[in-house]
Amino acid sequence: MDKPDGRKRMALVLLCAAVFLDSMDLSLMGVALPAIGRDLSLSEGMLQWLVSGYAVAYGGFLLLGGRLADLFGRRRVFLLSLAVFTAASLVGGLLSDGWALVVTRVVKGLAAALTAPAALSLITTTFTEGAPRNRALGVYALAGAAGYSGGLIASGLLTEVSWRLVFFFPVPIALLVLVLAPMALPRVDRSRGTARGFDGAGAVTITAGVLLLVYALTETTWPAGAAAALLLVAFVLIERRHRLPLLPLNVFRSRGLVTANLAALAWACATIGWQFSAVLYLQQVQDYGALATGLGIAPMGLAIVVAANLAGRLIGRWGLGRTAAVGMLMQGAGILLFLRAGDTADYVAVLLPALLVHGVGNGLSFPSLNIAAVHGLPDEQQGLASGLITSSVQIGAGIGVALLASLISMGGPELDGYRFAFLVAGCFSLLGAAFAAFGLRARDSHETQVRA
């Protein structure tokens, strides 16, 4: 820990552990919801908000969280928000009232919205651009991608003992990070922004707009969607006139940032929407229990880990665009392979190959998109870019889950609904591959010519 490289490695591990927890909490409730509902006699609407409350707060406050990290110190924001996340996890495991549980989930989502961009910007400002930063971002992306799959697995295993363990599970990990992080994170954390002239109107409109957008997607309500559109238009007008805007619009001159965010939106629609649908398919069609569901998904998580470890080498050899495109094509292939599944599907012959192919593609594409989103931007915009890419993932998750859930319910016979949902998820992945292939590859070629 006394050596600079050793401290950087420790900081990376701790930051990625926090991001793993943030991502895991998106899916940790999934398999546990039926047990919570039976034990506490909660309605389906109340149970949905145990998931939606976290997602709405997470997606709504991400951009503001990234800017706060730039303005008030990434280290400070990271530690404070992680402390709130830990406390909300502990309290949630002790409560038995439905609305009180929802409130803890909303608080955790808000804390995660501050933790994630602060952690990513700490990584990008600690590691120099090029191979060191690419390797670090590859580990970060691995933590985020594996967190969601890990939550599905852990949810099944923990629910077999007690659903309260789903709430308590993040607490010891978060406490360990809080104890060690002050020793490992850079003590010099000077942001180049200033709180003077802070864009309050922009903060209110973008946060309310994204909150309403995610809510509208979750609840499929058009009035909320229309209100969200008006607020987002107002936000753009405010940013064009403000002296110190929350989101400098010139950041969108970066073709790589824009393309990476569009691809990440499609990536999340595909993979998170599909994983949500696949869990329901395993439980409702295949009659898997909580433990069987968790164990059945475990190979996909392992494939994500292996592929993400290889992603850095492939990016160095192929470039960001080609690696992301290949990954999303494989991810889409894994999703479409689920179309082979019927009322009864052999796990080894039908389900396992689809899970493995999807996991490999997922592990290759997510690191590439995260690197592309922050590549070439100055340090004072790293938190902003981190918040943007994470917001794209969360908004994409809301679109994917809401759309595929609607398709499942509207698809007529039960199995036909799932097949339609899998087909649409696969198309989202192909769309993301097109963004990466034509947007990021052109950028790779340009940068190669410049270096030459």
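The values are calculated or read from the model by the stated rules, or taken from the named source; none is laboratory data. The model shown is predicted, which means the values in this text are computed figures rather than measured ones. In this analysis, Cβ positions are derived from the backbone assuming ideal geometry, glycine residues included, and neighbour counts consider all displayed protein chains. Accessible surface is based on the protein model in full, side chains and every heavy atom, while ligands, DNA and RNA are left aside. Shrake-Rupley method; radii C 1.70, N 1.55, O 1.52, S 1.80 Å.
A few points about this structure:
- Checked against (1) small (Gly, Ala, Ser); (2) modelled with pLDDT of 80 or more; (3) open to solvent by less than 20 Å² (accessible area, probe 1.4 Å), Gly144 passes all but condition (2).
- The range 313-338 - residue that is open to solvent by 30 Å² or more (accessible area, probe 1.4 Å) and small (Gly, Ala, Ser) and, of those, farthest from Ala278 (Cα to Cα): Gly316
- On the stretch given as the range 366-398, residues that are at pLDDT 80 or above and of a type in the set (A, V, I, L, M, F, W, C) total 8.
- Filter result (in contact with a helix residue (DSSP H, G or I) (Cβ under 7 Å, 6 or more places away or on another chain) and not aliphatic (A, V, I, L, M)) within the range 288-308: Tyr288, Thr293, Gly294, Gly296, Pro299, Gly301
- Check on Phe20, open to solvent by 10 Å² or more (accessible area, probe 1.4 Å), under 19 Å from Ala181 (Cα atoms) and within 18 Å of the chain's Cα centre (by Cα): yes
- Some residue of the range 218-228 being open to solvent by 50 Å² or more (accessible area, probe 1.4 Å), under 28 Å from Val374 (Cβ atoms) and among the charged types (D, E, K, R): no
- Output for the range 234-288, where each listed residue is within 25 Å of Gly321 (Cβ to Cβ), open to solvent by 40 Å² or more (accessible area, probe 1.4 Å) and at pLDDT 85 or above: Val258, Leu262, Leu265
- The lone exception for Ala341 - which of (1) open to solvent by 10 Å² or more (accessible area, probe 1.4 Å); (2) over 16 Å from the mean Cα position of the chain (by Cα); (3) modelled with pLDDT under 90; (4) under 30 Å from Gly417 (Cβ atoms) it fails: (1)
- Residue, modelled with the highest pLDDT, within the range 399-421, restricted to residues that are of a type in the set (Gly, Ala, Ser) and in contact with a Gly (Cβ under 9 Å, 6 or more places away or on another chain): Ala421
- Residue check, Leu352 more than 24 Å from Phe78 (Cβ to Cβ), open to solvent by 10 Å² or more (accessible area, probe 1.4 Å) and at pLDDT 90 or above: yes
- Within the range 24-50, no residue that is crowded, with 20+ Cβ neighbours inside 10 Å sits with its Cβ atom under 7 Å from a residue that is of a type in the set (Asp, Glu) and modelled with pLDDT under 80 at 6+ positions apart or across chains.
- Within the range 75-104, residues that are part of a helix (DSSP H, G or I) have Cβ atoms under 7 Å from residues that are buried (at least 19 other Cβ atoms within 10 Å of the Cβ) and among the aromatic types (Phe, Trp, Tyr) in these pairs: Ser89/Phe167; Gly92/Phe167; Gly93/Phe167; Val102/Trp49, counting only partners at least 6 apart in sequence or on another chain.
- Each residue in the range 329-360 was checked for being more than 12 Å from Leu430 (Cα to Cα) and either in contact with a strand residue (DSSP E or B) (Cβ under 7 Å, 6 or more places away or on another chain) or part of a helix (DSSP H, G or I) (or both), and 18 of them qualify.
- Output for the range 161-175, where each listed residue is open to solvent by 60 Å² or more (accessible area, probe 1.4 Å) and either touching a strand residue (DSSP E or B) at 6+ places or on another chain (Cβ under 8 Å) or aromatic (Phe, Trp, Tyr) (or both): Phe169
- Failed item, numbered, when Phe78 is tested on (1) surrounded by fewer than 24 Cβ atoms within 10 Å (Cβ to Cβ); (2) at pLDDT 90 or above: (1)
Yes/no matrix, rows are residues, columns are (1) touching a residue at least 24 places away in the same chain (Cβ under 8 Å); (2) farther than 30 Å from Leu71 by Cβ; (3) touching an Asp or Glu at 6+ places or on another chain (Cβ under 9 Å):
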{"position": "Val350", "(1), (2), (3)": "no, yes, no"}
{"position": "Val360", "(1), (2), (3)": "yes, yes, no"}
{"position": "Ala373", "(1), (2), (3)": "yes, no, no"}
{"position": "Leu415", "(1), (2), (3)": "yes, yes, yes"}
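- Conditions (1) open to solvent by 20 Å² or more (accessible area, probe 1.4 Å); (2) modelled with pLDDT of 80 or more; (3) in a helix (DSSP H, G or I); (4) farther than 18 Å from Val31 by Cβ; number of the one not met by Ile153: (4)
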